[in-house]
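Chemist: Quick one: this structure, given as structure tokens, is what I'll be asking you about.
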Amino acid sequence: MKEKHANPGWNLDNSYARLPEIMYAKQNPTPVQAPAIAVLNDSLAAELGLDPAALTEEENIAIFAGNAIPAGGFPLAQAYAGHQFGHFNILGDGRAVLLGEQLTPEGTRVDIQLKGSGPTPFSRRGDGRAALGPMLREYIISEAMYGLGIPTTRSLAVVTTGEAIYRETKLPGAILTRVAGSHLRVGTFQYAAQRGSREDLQALADYAINRHYQHLAKVGSRYIRLLNEVIARQAKLIAKWQLVGFVHGVMNTDNMTISGETIDYGPCAFIDAYDPATVFSSIDAHGRYAYGNQPHIAVWNLARLAEALLPLVHEDEAEAVRLAEEALAAFSIQYQDHWLAGMRAKLGLADEEEQDAALIMDLLKWMQENDADYTNTFRALTLGQLGNSTVLSGADFDAWKQRWQGRLERQSLSRGEVAALMKSSNPAIIPRNHLVEDALNAAVQEGNDGVMNSLVQALKHPYAYTSEQEHYATLPEPSSCGYQTFCGT
Ligand code: AMP
Ligand code: MG
């Protein structure tokens, strides 16, 4: 008789499956040949109420591989639409399945999704699979974002499948287990508005409110308030991206969440030299998703959410449009406030002066003109490495430094307090492109995961400023500049 295995802590519900049927397709993952753990996030597992040691047992690895379904799971592929580089498409999970929602010991509900788990009715021409490199990349960068204090989906595990997949070359296949507040996207609403009835759309909106904005559940005007809240969370999120120099790379409407978490780490990367025009994605020829364009694109995407929600916002269409426009106008004000507050903190400023924006803009301008590394400039300012640093020098920089130090003296913080504020606002280390590439090369080509594990470990504490981490702040040789990420994920 087949032995019944102990549950390592799965406590799944399936609230998404109770939405109208048009919102998903029931879909089991496709089993794979030879699953093996590439990386497991022990601390996240524990937070979720899962026993990390038990998860590495064969019958539990089988769950991460799609070869077994966890207790209480109801696998499905979610339907959604999306504007991809400005063009509307009906999409859906083409290579992912939602296993269910884990109810954690802390009382939260998070989606457990397998990414790379085989074809679904939404796969179109894709194979439903993912390669090891890009899945480890998502693992590293999403966990780094979490360490930086930026709302994000998390990565619980990556397993190799023992099967090859074919892109431009033959690559090892892998599956990522992604953990998210939810996978509701702007594109989920676009899909419901396009394909569903008014009741379907309303069911989705009420579902989103229940999951992420419960305080609105009984409010009469809850749908415009939902829009307001999503806009507020996105304004805060995008400001955080800009402050650390994160470029998402594919801000399509299907890659923007309702929860305000960063999602879908494809061709994303962190800027080195400060330049608003920085683009990493090889398929973004026009710079639509360039670093400096992200706040504009966010509003554009949120306008698509507003359009989808219009039928629920007000029965009078003109009034609905007026309310939506008013809601959208708040984005840039809120974004600017978060950004300015964040920049002040990066410069050690705890109060406000009218001239602060100019002080900040002039530093950024100086960085751009001098090809200065964004993260390391703030790091050097934080460490007081001025004058003797090879980057922070020159007459223009000295003039700026005088203004900044004068400004620091006009506030009441002590030197120690300024240093503490700056350390907590300027990461000493980020997942630099060359570090991530080195880690991936070692893991994928040489089967050595030590480089990756050390990097992931360091990135858990990016504001620690320890001497052991210092080598991660070293800039790459000029040859690795002009970094490009490819979309063959
Ligand atoms: P992304 O660029 O990862 O946000 O994906 C955009 C859309 O393409 C989503 O609907 C994905 O599910 C789908 N997709 C991406 N890669 C594959 C693949 N290998 N097989 C099937 N669908 C895919
Ligand atoms: Mg996506």
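The values are calculated or read from the model by the stated rules, or taken from the named source; none is laboratory data. A quick note: this is a predicted structure, and the numbers were derived from the prediction, not measured. Methodologically, a virtual Cβ is constructed for each residue, glycine included, from the backbone with ideal geometry; neighbour enumeration extends over all protein chains shown. All accessible areas refer to the heavy atoms of the entire protein, side chains included, with ligands and DNA or RNA removed. Shrake-Rupley method; radii C 1.70, N 1.55, O 1.52, S 1.80 Å.
Chemist: Output needed: percent of Cα pairs per 10 Å distance bin for the range 187-344, bins running from 0 to the one holding the longest distance.
Modeler: Reading the bins upward from 0: 11, 38, 33, 15, 3.
Chemist: Just to be sure I understand the model, the point goes 7 Å from the Cα along the line to the Cβ. What's the resulting Gln368 to Asn89 distance in nm?
Modeler: 3.2 nm
Chemist: Please work out the average accessible area per residue across the chain, using the 1.4 Å probe convention, and give it in Å².
Modeler: Computed with neighbouring chains in place, this is 42 Å² per residue.
Chemist: Would you mind calculating the gained length between Glu199 and Ala395 on full extension (0.36 nm times residue separation, minus the Cα-Cα distance), in nm to one decimal?
Modeler: 64.1 nm
Chemist: Can you tell me the length gained on complete extension of the stretch Asn441 to Ala277, counting 0.36 nm per residue apart and subtracting the Cα distance?
Modeler: Separation in residues times 0.36 nm, less the Cα-Cα distance, equals 56.2 nm.
Chemist: I'd like to know how the range 2-183 sits against the 2.2 N^0.38 Å rule of thumb: what's its Cα Rg over that expected value?
Modeler: So the range 2-183 has a normalised radius of gyration of 0.99.
Chemist: List the lysines whose Cα sits under 27 Å from the Cα of Lys170, skipping any in the same chain fewer than 8 residues away.
Modeler: By straight Cα distance, Lys170 reaches Lys115.
Chemist: May I ask you to list the GluC sites (Glu not before Pro) in the range 138-184 that are in a DSSP loop and have at most 13 other Cβ atoms within 10 Å of their Cβ?
Modeler: Within the range 138-184, the qualifying GluC sites (Glu not before Pro) (loop, at most 13 other Cβ atoms within 10 Å) are Glu168.
Chemist: While we're looking at this one, here's another question. Extension gain Ala318-Tyr463, at 0.36 nm per residue separation less the Cα-Cα distance, in nm?
Modeler: Difference between extended and current length: 47.3 nm.
Chemist: Let me ask you something else. On a 0 to 90° scale, report how tilted helix 356-369 is relative to the longest principal axis of the chain, with both axes built from alpha carbons and the result rounded to the nearest 10.
Modeler: The answer is roughly 90 degrees.
Chemist: Over all alpha-carbon pairs in the range 114-183, figure out the percentage whose distance exceeds 17 Å.
Modeler: For the range 114-183, the fraction of Cα-Cα distances above 17 Å is 46 percent.
Chemist: If one computes the Cα centroid of the range 194-214 and of the range 59-127, what distance in Å separates the two points?
Modeler: Here the answer is 19 Å between Cα centres.
Chemist: Would you work out what percent of the accessible area of the chain, with all protein chains in place, is carbon or sulfur (probe 1.4 Å)?
Modeler: 50 percent
Chemist: For the chain, just run the numbers: alpha carbon Rg, then divide by 2.2 N^0.38 Å, N being how many residues it has.
Modeler: Normalised by 2.2 N^0.38 Å, the Cα Rg of the chain equals 1.00.
Chemist: So if R0 is 51 Å, what FRET efficiency would Asp13 and His471 give, r being the distance between their Cβ atoms, rounded to the nearest 0.05?
Modeler: My answer for the efficiency is 0.70.
Chemist: Mind pulling the angle between the C-alpha long axis of helix 374-383 and the longest principal axis of the chain? Nearest 10 degrees, somewhere in 0 to 90.
Modeler: Between the helix axis and the principal axis of the chain, the angle is about 60 degrees.
Chemist: Further, regarding this structure: For helix 450-459, report the angle its Cα long axis makes with the longest principal axis of the Cα atoms of the chain; keep it between 0 and 90° and round to the nearest 10°.
Modeler: Tilt of helix 450-459: around 60 degrees.
Chemist: Right, another one. Please enumerate, by chain and number, the lysines with C-alpha under 24 Å from the C-alpha of Lys401, excluding those fewer than 8 residues away in the same chain.
Modeler: Leaving aside lysines fewer than 8 places away in the same chain, those within reach of Lys401 are Lys346, Lys365, Lys423.
Chemist: If you build the Cα gyration tensor of the range 270-355 and take the root of 5 times each eigenvalue, what three semi-axes come out, in whole angstrom, biggest first?
Modeler: The equivalent ellipsoid of the range 270-355 has semi-axes of 31, 22, 8 Å.
Chemist: If you don't mind, another one. Between Ala358 and Ala420, take the C-beta separation as r, use R0 = 35 Å, and let me know the FRET efficiency to the nearest 0.05.
Modeler: 0.85
Chemist: Could you give the distance between the Cα centres of the range 444-471 and the range 340-358, to the whole Å?
Modeler: The two parts, judged by their Cα centres, are 31 Å apart.
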